[in-house]
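Okay, so here's the structure we're looking at.
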Amino acid sequence: WARVEIRAAADGTIVDRSVNIGDIVDPSADLFKIGDLKRLAVWVHVYEEDLAILNGLPKPIPWVVRVPSVRDSRYNGTLQQISPTIDPNQHTALVTGLVDNPTGELKVGQFVTAEVSYLPAKLTSSPVIDDDKEQPAFISGNNTFL
């Protein structure tokens, strides 16, 4: 049988392999999938009541991605797109963006949380809101959206 050397068109990491040594392969089939893991796509499900805040911010929106299983993790990136549809079961919209991963610490498929900082459009003159129904809420000039 003939042997063929295969070279990738670009540098990267093999993220999927559908062939083993000794297999007879279809020349039109994908044998390997290679990805550049220095910058990863992030998918976040955001509750619909929080979308008004995101829609009011200019795109791309800087965000910080954290991995709950890694203490003190912090990866900078940008939120790129907000889905125009809401998942009827979860009442969330899919928000996608990118995150830098220069050292390869982030892994494909990890669970993450994303934070977007914003300044509220209007602050009250008092630092405390009291609506006689709930506990008082303290407002600061720089809130964090989770």
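Any read-out appearing in this document is the output of simple, stated calculations on the displayed coordinates, not a laboratory observation. None of the values given here were measured: they were computed from a predicted structure. Cβ atoms come from the backbone with ideal geometry, glycine included; neighbour counts cover every protein chain shown.
Relative to the Cα centre, what is the charge dipole magnitude of the stretch 40-100, using +1 at the beta carbon of each Lys and Arg, -1 at the beta carbon of each Asp and Glu, and rounding to the nearest 20 debye? Please list the in-between numbers first.
Numbers: 4 positive and 6 negative charges, 51 e Å.
Computed charge dipole of the stretch 40-100: roughly 240 debye.
Within the set of other residues whose C-beta is less than 14 Å from the C-beta of L94, count the net charge using Lys and Arg as +1 and Asp and Glu as -1.
Details: positive: none; negative: E48, D50, D87.
Here the charged neighbours net out to -3.
For every other residue with a beta carbon closer than 11 angstrom to the beta carbon of V65, add +1 if it is Lys or Arg and -1 if Asp or Glu, then tell me the sum. Don't skip to the end; give the middle numbers.
On the way: positive: R66, R74; negative: D100, E115.
Around V65, the charge tally is 0.
Equivalent ellipsoid semi-axes for the stretch 17-123, as square roots of 5 times the alpha carbon gyration tensor eigenvalues: give them largest first, rounded to whole Å.
Numbers: eigenvalues 233, 64, 31 Å².
Equivalent-ellipsoid dimensions as semi-axes: 34, 18, 12 Å.
Would you kindly state how much longer the chain becomes between T78 and K33 on full extension, computed as 0.36 nm times their sequence separation minus their alpha carbon distance, in nm to one decimal?
Extending this stretch completely gives an extra 13.7 nm.
List the extent of the Cα atoms of the stretch 1-44 along each of their three principal axes, largest first, rounded to whole Å.
For the stretch 1-44, the Cα spread along each principal axis is 46, 20, 17 Å.
Among the chymotrypsin sites (Phe, Trp or Tyr not before Pro) within the stretch 26-79, which fall in a DSSP loop and have no more than 10 other Cβ atoms within 10 Å of their own Cβ? All intermediate terms of the calculation are to be shown ahead of the outcome.
Working: sites: F32, W43, Y47, W63, Y75; in loops: none.
The qualifying sites: there are none.
When N counts the residues of the stretch 39-101, how does its alpha-carbon radius of gyration compare numerically with 2.2 N^0.38 Å, as a ratio? The partial results should precede the final answer.
On the way: Rg = 12.3 Å, N = 63, 2.2 N^0.38 = 10.6 Å.
Here the Cα radius of gyration is 1.15 times the empirical estimate.
Let's test the formula: R0 of 25 Å, r as the Cβ-Cβ distance of Q90 and R66. What FRET efficiency results, to the nearest 0.05?
On the way: r = 21 Å, r/R0 = 0.83.
Once the sixth-power term is evaluated, E becomes 0.75.
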